[in-house]
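The values are calculated or read from the model by the stated rules, or taken from the named source; none is laboratory data. Owing to the predicted nature of the structure, the values given are computational and were not obtained by experimental measurement. Positions of Cβ are backbone-derived with ideal geometry, glycine not excepted, and every protein chain shown enters the neighbour counts. Ligands, DNA and RNA are excluded from the accessible area calculation, which covers all protein heavy atoms including side chains. Shrake-Rupley method; radii C 1.70, N 1.55, O 1.52, S 1.80 Å.
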Amino acid sequence: TVSVLYWPNAISARICTMSASEEFTVEELAKYDGTGADGKIYISVRGVVYDVTSGKDFYGPGAGYHVFAGKDATRCLGKMQVSDTEANCGWENLTDEHAETLGEWEAKYKAKYPVVGALVRDSGFVARGAVLPP
């Protein structure tokens with residue numbers, strides 16, 4: 001069992017507990033971008049790692065959302081950015097509007113893809129997000 005920081009909006013936070021089979025650092029998660037021999041594609045949203053391999057038409061190499069493959073895409077999804085410039089960093093300073101959008105994306109991932117683990121945030125994870133515009 002892993003405790004994951006869950007940030008439902010820009011004002012409040014809570015810790016939720018989930019059953020996760022594996023923990024991933026940012027570096028480990030990067031190995032699951034669909035280019036490996038096993039073709040696995042994982043994406044982290046709010047620290048929960050999903051196996052999105054079944055959505056390879058969206059997330060696989062050459063696909064429109066491949067930029068998120070093997071990364072924590074939380075900020076990118078919340079801000080509707082199809083870019084990885086804000087991947088792998090904290091989301092705590094997102095605006096309420098972006099947090100709401102993120103919640104919608106998160107619900108889609110929960111409904112569609114299996115959870116395979118949790119992201120272990122490195123010591124600079126939150127700081128990288130804090131310097132970005134909300």
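The portion of the accessible surface of the chain made up by carbon and sulfur, rounded to a whole percent, is 54 (1.4 Å probe; DNA, RNA and ligands excluded).
Between Thr35 and Ala111, the distance separating the two model label sites (each 7 Å from Cα on the Cα→Cβ line) works out to 3.3 nm. Put a plus charge on the Cβ of each Lys and Arg, a minus charge on the Cβ of each Asp and Glu, and nothing anywhere else: the dipole of the chain about its Cα centre is then about 120 debye.
Within the shell defined by Cβ-Cβ distances under 15 Å, the residues around Pro134 carry a net charge of -2, with Lys and Arg each +1 and Asp and Glu each -1. Extension gain for Met80 to Glu92 (0.36 nm times residue separation, less C-alpha to C-alpha distance): 2.7 nm. Note on the chain: with a GNM built from Cα contacts shorter than 10 Å, the maximum mean-square fluctuation among Arg75, Arg121, Arg46 falls on Arg121. The alpha-carbon atoms of the chain define a convex hull whose volume equals 96 cubic angstrom per residue.
Average accessible surface for the chain: 50 Å² per residue, computed with a 1.4 Å probe over protein heavy atoms with every protein chain in place. GNM remark for the chain: springs join alpha carbons under 10 Å apart, and the peak mean-square fluctuation among Glu27, Glu106, Glu92 falls on Glu27. Given their separation in residues at 0.36 nm each and the Cα-Cα distance between them, Ala130 and Glu104 gain 7.1 nm when the chain is fully extended. Within the listed set Gly62, Gly39, Gly90, the Gaussian network model of the chain (springs between alpha-carbon atoms below 10 Å) gives the highest mean-square fluctuation for Gly62. Sorting the Cα pairs of region 75-114 by distance into bins of 10 Å, from 0 upward, gives 32, 53, 15 percent per bin.
In the chain, the calculated helix contribution to ellipticity at 222 nm averages -7000 deg cm²/dmol per residue, counting -39,500 (n - 2.57) for every DSSP H run with n ≥ 4.
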